[in-house]
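Everything below concerns the one structure shown next.
Every number in this text was worked out from the coordinates using simple rules, so none of it is lab data. Everything numeric here is computed off the predicted structure, so don't read it as measured data. Reconstructed Cβ throughout: ideal geometry from the backbone, glycine too, with neighbour counts over all protein chains shown.
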Amino acid sequence: MQKIVLASASPRRKQLLEWADQNFEVIVSNSPEEAPGELSPSETAIYIARQKALAVLKKLNENIPVLAADTIVVCKGRILGKPKDREEAIYFLQLLSGTHHTVTTGVVIRYGEKEISFADETIVSFHSLNREQIEFYVDHYKPYDKAGAYAIQEWIGVIGIKAIKGDFYNVMGLPVSRVMQALASL
């Protein structure tokens, strides 16, 4: 497969591309994860991913596909980003407890003048979690770099997730099978 650039510092996205046997290098974009307020969650995720891809393209001296992604968690109409501290992580997990939410990952692949962009959505339902479980997870796993303050592949996913409808890997941060199909279409 052709080598690509992953415009992300996410160890989970890196792991998923490794599992897919995709040849890649990582170049972190350091672009702000902000978008205009009038966008839908899908549009927001794609917008942020596009900004990441464009920032990395400026750093390149060769024509190589750049893959960027952004994951957003939406619960009760509210976007839950990366928690800024322990209290916010606990608050986010209390919001998610006993209900369902949507995980949206926006993906942008840029190659020369070509762009492929899409958003993938997965609905995740949590069992009711008590405060002790939530605090255990936050204190042991420190989910401060994760949208919604959790990672599905960690302890909280094993004991807390009741059901998912959609792509499991999308919740990890990259709908990898859809990405691989998009890369093949280039």
Here the tail fraction of P(r) beyond 20 Å, over all Cα-Cα pairs of the chain, rounds in percent to 52 percent
Taking a ≥ b ≥ c as the square roots of the eigenvalues of the Cα gyration tensor of segment 1-77, is the shape rounded (a/c under 1.5), prolate (a/b larger than b/c) or oblate?
oblate
Restricting to aspartates and glutamates and to Cα separations under 19 Å from residue 142, and discarding same-chain partners fewer than 8 apart, the set is 85, 87, 88, 132, 154
Quick one: net charge around residue 115, please, counting Lys, Arg +1 and Asp, Glu -1 for every other residue with C-beta under 14 Å from its C-beta.
+3
Segment 168-186-segment 92-111 distance, computed between alpha-carbon centres (Å)
15 Å
Please compute the contact order of segment 1-102 in relative form: average sequence separation of alpha-carbon pairs under 8 Å and at least six residues apart, divided by the residue count, as a percent.
26 percent
If the limit is 25 Å between Cα atoms, which of 14/84; 52/162; 82/165; 3/59; 14/76; 76/114 go over it?
52/162; 14/76; 76/114
